[in-house]
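In what follows, a single structure is set out as C-alpha cells and then discussed.
Every number here is computed from the coordinates shown, using simple stated rules; none is lab data. Please read all numbers here as calculations on a predicted model, not as lab measurements. Positions of Cβ are backbone-derived with ideal geometry, glycine not excepted, and every protein chain shown enters the neighbour counts.
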Amino acid sequence: MSKQNCLVANDWICGEYLRSRSQDLTDATVQHIGITAASVAIGVLVAFPLALLARRKAFAGPVLGLTTVLYTVPSLAMFSLLLPLFGLSASLVVTGLVMYSLTILVRNILAGLQAVPEEAKEAARGLGYGPARLLWEVELPLALPALLAGVRIATVSTVALTTVGAIVDYGGLGSLILDGLDTTFKAQVLTASVLCVLLALAADLLLLGVQWLLTPWTRATRATRASSGPRIRRRPGAGGGGPLAKAEDTAAASAGGASVAKAADPV
Amino acid sequence: MNAISGAWDWLTTGANWQGEKGVWHRLTEHLYFSGVCLAVACLIALPLALWLGHLGKGGALAVNISNIGRAVPTLAVLVLLTLTPLGEHGDLPTLIALVLFAVPPMLTNAYLGMREVDRSVVEAARGMGMSGGQVFRRVELPLAYGLVMTGIRSAAVQVVATATLAAMAGEGGLGRIITAGFNLQNTPQVVAGAFLVALLALLVEAALVLAGKAFDPMRGRSGTAR
C-alpha cells in the first residue's frame, strides 16, 4: 500500500513509477537513442562533403553562412517549418536535428582538415599519393581528433534537442516529459529528464572511448610535446600515465571543441 | 506548396495580428522575456567570466558549464520549473529557465576570450608599468571583445529559442502561435508561426552582429589580425 502512495501523492521521486512504467521508459529511451544516432550519423555523412566543399575559398562563405543560419533557427520553428514536407513523423525530427548538427560538424571537420601540416601533405604527394588517397590516408586520420570532438558536441546537443520532437510525438523521453506536464505527473517528468541527461553523458563517454581507441598517436605525442619542441625524444616511462593522458585529452578536446564550435565568427 | 500559400494567407489576415492571441501581443511577450533575461544573464555571467579570465582561474568551471548546459534539455528544465511551486508565479519559471540557458555560452566565450589574449602582450603591458586594472581595461578587454560578443550572440540566439519552447510549457511568446496551430491541426498557422520565430531569431543575430561591429574598440585600427 505504501508503495502505491508515492504515485497517489504525486511525489517527484517514485520507485513504484520506475517499476510499473518501466516498459514506457524503455520504449521512450530506445526511440530517443534511435533518433539521436540516426541524426548524428546522417549529419556526419552530409557534413563531410560540405566541409570538403568549404575548403575551396569560393564556397567557404556560403557553406559556413548557411549552416550558421540553420543553427540560428529555434528548434521548435525548425520542426514546424518541416511539417508540410514530412507530416507528423520521425523523419521530420531526424531532418531537423541533422540540420542543427551540421554547424558544429562542418566547422570541426574543416578546422581539422585545415590543421593538417603542409609538410605531411607534401611528403605524401612526393610519395606519389593522389588527391583521394591523400585525403583518405593522410588528411582524414590527422583530422580525426577534431572530427570526433565535433561528433561528441553534436551528439550531446542532439540528445537534448530530441526532446523538442515531442511536439510531433516523436521526442523519445521528451514525449514523456510533455505528457507528464499535461497530467502534472511529477515522477514521470523528473525521471525522463534525468534519463535524458544520463543518456547525453553516456553518449559522451562512449564517444570519448571511441576517440581514445581510434587516435592512439595523440596519446603518444602529448608526452613528447610537453617535454621538448619539435624534436622527437621519448622519455622512458612517459607513456605509462594512461589515465592521466586520457584526462588531459578530455580537457583539451572539450576546450578545443567549444572554441571551434563557438569562436568562429558567423558570417 | 499549399502550406506556404496557406501560411501567407494566415500572415496577411489582419485578425491574426490583433488581440490577446495575436502576433503583436505574442511578439511583445517574446521580446520582453528575451530582453529581460539576456540583460540579467549578462549581469551575472560577464563580470564573473571577465574576472576569472583576468585572474586566470576557474578554467575548468568556465568550460564545463557550457558542456553541462548543452547536455541538459531546455524542455525538461522548463517543464520541471513549471511543476515546482514556482509555477504558481506566472512567468517566473520561464524567466529563470531563460537566464539559466543564457549564462553558459556567455561565461565560456568571455572566459576563453580573456585567456586567449597573448600572454606576451599582457607581460609587455605590465612591463610598461600598467596596473592590473589598466591591463584589464586597456589590453585584455579590447582583445577579448570579439569572443565576448560571440558569447552574447550565442546567448541571445539561445534565449530566443528557449522563449519559443516556453510555449510548450504553457507560456506565452511567439511559440504559442506554433503550439496552438498544432493543437488545432492548422498547418498553415504552424508554418506561419515558425516563419515569424525564425525571422525574429535571424534579425536578433544580425542586429547583434552589427552592434558588435559598431562598438568594436579595435575598429578602424590597422595592423590588427582580425
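Computed 3J(HN,Hα) for segment A:201-209, one whole-Hz value per residue from the Karplus formula 6.51 cos²θ - 1.76 cosθ + 1.60 where θ = phi - 60°, is 5, 4, 5, 5, 5, 4, 5, 4, x, glycine and proline marked x.
Taking label positions 7 Å along the Cα-Cβ direction at both B:Ile68 and B:Gln134, the computed distance is 3.9 nm, reported to one decimal. Using a cutoff of 8 angstrom between alpha carbon atoms and counting only pairs six or more residues apart, the relative contact order for chain B works out to 27 percent. 3J(HN,Hα) along segment A:155-160, derived from phi through the Karplus expression 6.51 cos²θ - 1.76 cosθ + 1.60 where θ = phi - 60°, amounts to 5, 4, 6, 5, 4, 5 Hz, with x in place of Gly and Pro. For the protein assembly as shown, the list of Cys residues with no other Cys C-beta under 4.7 Å reads A:Cys196, B:Cys37, B:Cys42. Short to long, the 10 Å bins of the Cα pair-distance histogram for segment B:1-73 hold 16, 24, 21, 19, 15, 5 percent of all pairs. Of all aspartates and glutamates in the structure, those lying under 14 Å Cα to Cα from B:Lys21, and not within fewer than 8 positions of it along the same chain, are B:Glu29, B:Glu171. 3J(HN,Hα) along segment A:164-170, derived from phi through the Karplus expression 6.51 cos²θ - 1.76 cosθ + 1.60 where θ = phi - 60°, amounts to 5, x, 4, 4, 10, 6, 10 Hz, with x in place of Gly and Pro. Short-range pairs are left out: with C-alpha atoms under 8 Å and at least six residues apart, the relative contact order of segment A:22-216 is 27 percent. For segment B:2-214, the dipole from Cβ point charges (+1 on Lys and Arg, -1 on Asp and Glu) about the Cα centre works out to 560 debye, to the nearest 20. For segment B:2-214, the spread of Cα positions along the three principal axes, ordered from largest to smallest, is 67, 39, 25 Å. The calculated pair-distance distribution of the protein assembly as shown uses every alpha carbon pair, bins of 20 angstrom beginning at 0, and gives 21, 53, 23, 2 percent.
Given the Cα-Cα distance of A:Glu118 and A:Thr184 and 0.36 nm per residue of separation, how much length would full extension add, in nm?
Working: separation 66, 0.36 × 66 = 23.76 nm, distance 5.95 nm.
My answer for the length gained is 17.8 nm.
Give me the Kirkwood hydrodynamic radius of segment A:22-216, using the inverse of the mean 1/r over all pairs of distinct Cα atoms, in Å to one decimal. Computed over Cα pairs of segment A:22-216, the Kirkwood hydrodynamic radius comes out at 18.0 Å.
What are the GluC sites (Glu not before Pro) within segment B:19-117 that DSSP puts in a loop, where the Cβ has at most 12 other Cβ atoms within 10 Å? Don't skip to the answer; put the middle values down first.
Details: sites: B:Glu20, B:Glu29, B:Glu88, B:Glu116; in loops: B:Glu20, B:Glu116.
Sparse-neighbourhood loop GluC sites (Glu not before Pro): B:Glu20.
Among the aspartates and glutamates, which fall within straight-line cross-link reach of A:Lys121, defined as a Cα-Cα distance under 20 Å, with same-chain neighbours fewer than 8 residues apart omitted? Candidates past the 8-residue exclusion: A:Glu137, A:Glu139.
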